[in-house]
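**Q** My questions will all concern the structure given below.
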Amino acid sequence: MSLTAIPCARGSIPGLGHLPRLARDPLAVLRTLHAEGPLLRLNIGTMPIVVATSADTVNEIMRERSKAFKKGRLFERVRPLVGNGLANSEGPTHLRNRRLIQPMFYKERIADYAQIMSDRAETLAGSWSAGQQIDVDQVMGLYAIETLAATLFSTDIGRPAVESVREDLPIILKYMLRRALAPKFMDNWPVWRQFDRSAARMRSVIDDVIAKTRASEPGSRTDLLSLLLSARDETGAGLTDEEVRDELTTMLFAGTETTASTLSWALHHLSEHPEIERELLAEIDNVVGDRPVTFADVPQLPSTTRVLDEVIRLHGVVTLMRRTTEQVTIGGYELPPDTEVLLSLYALHRHPELYPDPDRFDPGRWLPEHVAQRPREHVLPFGAGTRKCIGDKFSWMEATITLATILPRWKLRPAPGSRPPTESTSSMAHPTRMPMIVHPRSQD
Ligand code: HEM
């Protein structure tokens, strides 16, 4: 069985396939693919992959026929580097660990983490001075790492891990995709030395914290590490130290660049839309006033949430990857086993029928009357089904608290002469360099 029945996206060149078109501007390709069909074939050199561009085909893969898929090629390369945590594991291991870990992201738990997030946001806003120039993308990257690390290891025992993660994770994140995609024969090349050193150091520090936390009195600690160590399945068995390390590492990978990029884009778009910024300021002033933002405030800040919803529509996770484990019908086409499939969330979230003038930033799209007209399964920034993001509420809590803490104090505006950020593709459409000046809000 072959994939030739599936329509081929335009612009394939013999031998090179769609590589030249993709190399020029991959996001532009993804943005327009839905016009060519709901299921398409792309040739990466001579290797065909299938791309799902419509809500129907994406949902078939993620929900209705999810049992016929596993994560695929990229994850097999990433697994030796970051372990077998939730994002990488498959089958019964994934199901069991997902059930164990899910309660750690229930509302009551997030209320505990919200206090840490609010403290961290206060520290960040307090660290700036009037007129200072900051690289927002860098600042938010470090901030998201430190905040997540502080919720993972909130006890004194965890402090060295927070320090190590702060230093090593940016290096690991920067090189991981390249390291995973490089051919195997390059594994021992000196070019990876910095990556390998950071990965080994972070692993060893996390192992050390796990051992110390296990040996200490659990008491009533609610940091994620303590919860992972005390979780038990229905047979009474818990996670091994290695599994705990893999889950912590996975959360650090999955939860930092994503949140940092969302916050950076939010600050950028607000700087371009002072009228929307004013609406947020009025809302925050009304609900929060001068005190630190709390867990209970967040549901009272719908305009802030709408800004985040719009940011993640425009600049969220670009594509997800899967591989068929058996023959399966998607969009009316037969896919044979071992077909690599790309799910284009980017295409889905910029579909002109659902989002008129789709490239425009417009948080008004998320007003209840508009949301009611859009089928829920068409909005998938956190994925869907059994592999849906476990940290969705966590990250929205963090992003809302952070914006509501920064905005009343500081007005961020692009540094004079700086170029507007563009989207750079990795897992997220994260921004290129974003230098901004912080102006005290009191001078408005
Ligand atoms: C703006 C922030 C975030 C976005 C846009 C995001 C997006 C996503 C998406 C799209 C998936 C599905 C991947 C797939 O189906 O292949 C996912 C999975 C996952 N995310 Fe997030 N994420 C965010 C924040 C977080 C945070 C803060 C954490 C942890 C604290 C986290 C942990 C995970 C984990 C563990 C998975 C794998 C779940 C599984 O397969 O069972 N994410 N995320």
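The values are calculated or read from the model by the stated rules, or taken from the named source; none is laboratory data. Quick caveat: nothing in here was measured; it's all calculated off a predicted structure. Here the Cβ positions follow ideal geometry from the backbone for every residue, glycine too, while neighbour counts run over all protein chains shown.
**Q** From the list Ile401, Ile437, which residue is more than 16 Å from the ligand (Cβ to nearest atom) and either surrounded by fewer than 15 Cβ atoms within 10 Å (Cβ to Cβ) or at pLDDT 90 or above (or both)?
**A** Criteria check complete, one pass: Ile437.
**Q** Also, I was wondering about something else. Any chance you could count how many residues in the stretch 385-397 are crowded, with 19+ Cβ neighbours inside 10 Å and more than 7 Å from the ligand (Cβ to nearest atom)?
**A** Of the residues in that region, 2 qualify.
**Q** Please indicate, with yes or no, whether at least one residue in the stretch 362-384 is within 16 Å of the ligand (Cβ to nearest atom), part of a helix (DSSP H, G or I) and of a type in the set (D, E, K, R).
**A** Yes, the stretch 362-384 contains at least one residue that is within 16 Å of the ligand (Cβ to nearest atom), part of a helix (DSSP H, G or I) and of a type in the set (D, E, K, R).
**Q** Go through the residues of the stretch 199-210 one by one and say whether even a single one is surrounded by 15 or more Cβ atoms within 10 Å (Cβ to Cβ) and under 21 Å from the mean Cα position of the chain (by Cα).
**A** Scanning the stretch 199-210 turns up at least one residue that is surrounded by 15 or more Cβ atoms within 10 Å (Cβ to Cβ) and under 21 Å from the mean Cα position of the chain (by Cα).
**Q** Output yes when any residue across the stretch 239-248 is more than 10 Å from the ligand (Cβ to nearest atom), closer than 30 Å to Asp207 by Cβ, part of a loop (DSSP other than H, G, I, E, B) and not aromatic (Phe, Trp, Tyr), and no when none is.
**A** Yes, the stretch 239-248 contains at least one residue that is more than 10 Å from the ligand (Cβ to nearest atom), closer than 30 Å to Asp207 by Cβ, part of a loop (DSSP other than H, G, I, E, B) and not aromatic (Phe, Trp, Tyr).
**Q** Residues in the stretch 34-50: is at least one under 20 Å from the mean Cα position of the chain (by Cα) and loosely packed, with under 15 Cβ neighbours inside 10 Å? Working first, answer last.
**A** Within the stretch 34-50, the subset under 20 Å from the mean Cα position of the chain (by Cα) is none.
No, every residue in the stretch 34-50 fails to be under 20 Å from the mean Cα position of the chain (by Cα) and loosely packed, with under 15 Cβ neighbours inside 10 Å.
**Q** Residue under question is Arg65, and the condition is that it be within 12 Å of the ligand (Cβ to nearest atom), surrounded by 16 or more Cβ atoms within 10 Å (Cβ to Cβ), in contact (Cβ under 8 Å) with a residue 24 or more places away in the chain and over 26 Å from Ser198 (Cα atoms); does it hold?
**A** no
**Q** A follow-up question, please. So which of Asp241, Asp208, Asp196, Asp187 is over 24 Å from Thr93 (Cβ atoms), modelled with pLDDT of 90 or more and of a type in the set (D, E, K, R)?
**A** Residue meeting the stated conditions: Asp208.
**Q** Still on this structure, please answer the following. Identify the single condition in (1) closer than 19 Å to Phe153 by Cβ; (2) in contact with a helix residue (DSSP H, G or I) (Cβ under 8 Å, 6 or more places away or on another chain); (3) polar (S, T, N, Q) that Thr240 does not satisfy, given that it satisfies every other one.
**A** Going through the list (1) closer than 19 Å to Phe153 by Cβ; (2) in contact with a helix residue (DSSP H, G or I) (Cβ under 8 Å, 6 or more places away or on another chain); (3) polar (S, T, N, Q), Thr240 breaks only (2).
**Q** Residues that are surrounded by 15 or more Cβ atoms within 10 Å (Cβ to Cβ), within 15 Å of the ligand (Cβ to nearest atom) and of a type outside the set (A, V, I, L, M, F, W, C): which strands (runs of 3 or more DSSP E) entirely in the stretch 278-351 hold 3 or more of them? Let's see the steps before the verdict.
**A** On the way: elements: 319-324, 328-330, 333-335, 340-344.
Correct list: 319-324.
**Q** Within the stretch 239-286, can you find the residues that are free of Cβ contacts under 8 Å to residues at least 40 places away in the same chain and in contact with a Leu (Cβ under 7 Å, 6 or more places away or on another chain)?
**A** Val244, Glu283
**Q** Right, something else. Among the residues of the stretch 5-22, count how many are touching a residue at least 60 places away in the same chain (Cβ under 8 Å) and either over 28 Å from Gly332 (Cβ atoms) or small (Gly, Ala, Ser) (or both).
**A** Qualifying residue count, the stretch 5-22: 1.
**Q** Let me ask something additional. Give the number of residues within the stretch 211-237 that are more than 10 Å from the ligand (Cβ to nearest atom) and either in contact (Cβ under 8 Å) with a residue 24 or more places away in the chain or not in a loop (DSSP other than H, G, I, E, B) (or both).
**A** Within the stretch 211-237, the first condition is being more than 10 Å from the ligand (Cβ to nearest atom), and the residues that meet it are 211-223, 225-237.
Among the residues that remain, those that are also either in contact (Cβ under 8 Å) with a residue 24 or more places away in the chain or not in a loop (DSSP other than H, G, I, E, B) (or both) are: 211-216, 221-223, 225-233.
The number of residues fulfilling the criteria is 18.
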